[in-house]
Amino acid sequence: MKNLVILSGAGISAESGIRTFRDAGGLWEGHDVMEVASPAGWLKNQELVLDFYNQRRKQALSAEPNLGHQIIADLEAHFEVTVVTQNVDNLHEKAGSSHVIHLHGELFKSRSICHPELIYDVDGWELKTGDLCEKGFQLRPNIVWFGEDVPLMDAAMKEVKNTDILIVIGTSLQVYPAASLIHYARDDVPKYIIDPNMPTIAKQTDLHLIEKGGSEGMKELEELLLG
Ligand code: OAD
């Protein structure tokens with residue numbers, strides 16, 4: 001089977017009712033992203049940050065994958081599929097995708113503030129002050145915040161370098177290093193970009209633009225790939 005890599009961003013979850021970042025005018029659910037998604041924000045107001053991600057978890061628990069997620073999961077019948085997502089929700093997994101790399105972390109995981117290797121599942125939706133790792137340190141959301149390293153970047157780069165087909169869906173390609181991944185694909189690899197509001201992309205070989213929403217765009221691409 002051919003390898004197929006999907007790079008997804010907030011737009012794939014838009015039809016499931018989860019708002020994108022940059023379509024909301026620089027605010028993320030009413031908050032300045034630096035207040036809720038940076039180490040400085042955490043130091044300034046831990047309660048606000050915990051509460052913010054608790055609300056996101058609550059929302060994700062009731063959200064359902066949409067047709068776009070579903071088609072991506074179904075492509076596993078025809079390709080070796082790897083999803084590299086910038087999303088912290090679990091909608092790709094809920095749809096049935098079995099190999100998902102969460103570049104920016106996962107809502108349903110927490111980690112120790114002092115021992116980053118200590119990572120735990122979050123049961124339900126709430127993470128509170130006083131929830132501690134086994135060594136007695138506070139747990140924080142296991143999200144890659146602005147200014148932090150992206151530990152899974154090397155794994156993602158490897159997948160993109162080895163892929164035979166690349167699909168980029170629902171990302172404004174404004175956040176690095178994630179946005180640079182597209183450049184690691186071989187020149188002969190067809191690259192399909194699906195977005196209703198096409199992001200600016202540096203010159204690429206074999207580039208195909210599908211200016212549509214996630215479900216409609218994936219439907220069109222599925223027909224192109226499977227004939
Ligand atoms: P953005 O909000 O920057 O971009 C979302 C993209 O989805 C835009 O290009 C939209 O045009 C597109 N879009 C909107 N509706 C869509 C639909 N129905 N179907 C398909 N696409 C649609 O989100 P990301 O690029 O994912 O980081 O943002 C990257 C990172 O910035 C996020 O992972 C997050 C944020 O700060 C962290 O939380 C660390």
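Contact order for the chain, expressed relative to its length and based on alpha carbon pairs under 8 Å spaced 6+ residues apart, stands at 23 percent. Close amide H partners of Trp28, meaning residues 5 or more places away or on another chain with modelled amide H under 5 Å apart, are Val33. For the chain, the spherically averaged projection of the C-alpha convex hull amounts to 12.0 nm².
Other residues with beta-carbon under 15 Å from the beta-carbon of Asp206 carry, at +1 per Lys or Arg and -1 per Asp or Glu, a net charge of +1. Summed over qualifying helices (DSSP H, 4 residues or more, each -39500 (n - 2.57)) and divided by its residue number, the chain shows a 222 nm mean residue ellipticity of -8000 deg cm²/dmol. Accessible surface for the chain, divided over its residues, is 48 Å² per residue with a 1.4 Å probe. Of the residues Pro116, Thr82, Ile101, the one whose Cα sits farthest towards the positive end of the charge dipole of the stretch 1-140 is Pro116 (charges of +1 on Lys and Arg Cβ, -1 on Asp and Glu Cβ, taken about the Cα centre). The residues neighbouring Lys44, those whose beta-carbon lies less than 15 Å from its own, together hold a net charge of -3 under the Lys/Arg +1, Asp/Glu -1 convention. Over 19 Å apart at the Cα level, from the set Lys2/Lys191; Lys2/Lys212; Lys191/Lys212; Lys158/Lys212; Lys2/Lys161; Lys44/Lys109, are Lys2/Lys212; Lys158/Lys212; Lys44/Lys109.
Rounded to the nearest 20, the Cβ-based charge dipole of the stretch 23-176 about its Cα centre (Lys and Arg +1, Asp and Glu -1) stands at 260 debye. The angle between the Cα long axis of helix 153-162 and the longest principal axis of the Cα atoms of the chain comes to about 10 degrees, rounded to the nearest 10. Here, the stretch 75-167 yields an orientationally averaged convex hull projection of 7.2 nm² when only Cα atoms define the hull. Hey, any idea what % of the chain's accessible area is carbon plus sulfur with a 1.4 Å probe? Accessible surface attributable to carbon and sulfur in the chain totals 50 percent. With an 8 Å cut-off on Cα pairs and a minimum separation of 6 or more residues, tell me the relative contact order of the stretch 11-145 in percent. Worked out over the stretch 11-145, it gives 21 percent. Comparing Val36, Ile6, Tyr53 along the charge dipole axis of the stretch 1-60, the residue lying farthest to the positive side is Ile6, per the Cβ-charge model.
Couplings 3J(HN,Hα) of the stretch 35-47, computed from phi: 6, 10, 9, 8, x, 5, x, 4, 5, 6, 8, 4, 4 Hz, in residue order, whole Hz [Karplus 6.51 cos²θ - 1.76 cosθ + 1.60, θ = phi - 60°; x for Gly and Pro]. What number, in percent, do you get for the relative contact order of the stretch 150-227 if the mean sequence gap of Cα pairs under 8 Å and at least 6 apart is divided by its residue count? Relative contact order of the stretch 150-227: 26 percent.
All other residues whose Cβ lies under 13 angstrom from that of Glu76 are scored, Lys and Arg at +1 and Asp and Glu at -1, for a net of -3.
Toward the positive end of the charge dipole of the stretch 107-227, with +1 on the Cβ of Lys and Arg and -1 on the Cβ of Asp and Glu, the farthest Cα among Ala185, Ile201, Gly130 is that of Gly130.
The values are calculated or read from the model by the stated rules, or taken from the named source; none is laboratory data. Quick caveat: nothing in here was measured; it's all calculated off a predicted structure. Cβ atoms come from the backbone with ideal geometry, glycine included; neighbour counts cover every protein chain shown. Please note that ligands, DNA and RNA were not included when accessible areas were found on the heavy atoms of the full protein model with its side chains. Shrake-Rupley method; radii C 1.70, N 1.55, O 1.52, S 1.80 Å.
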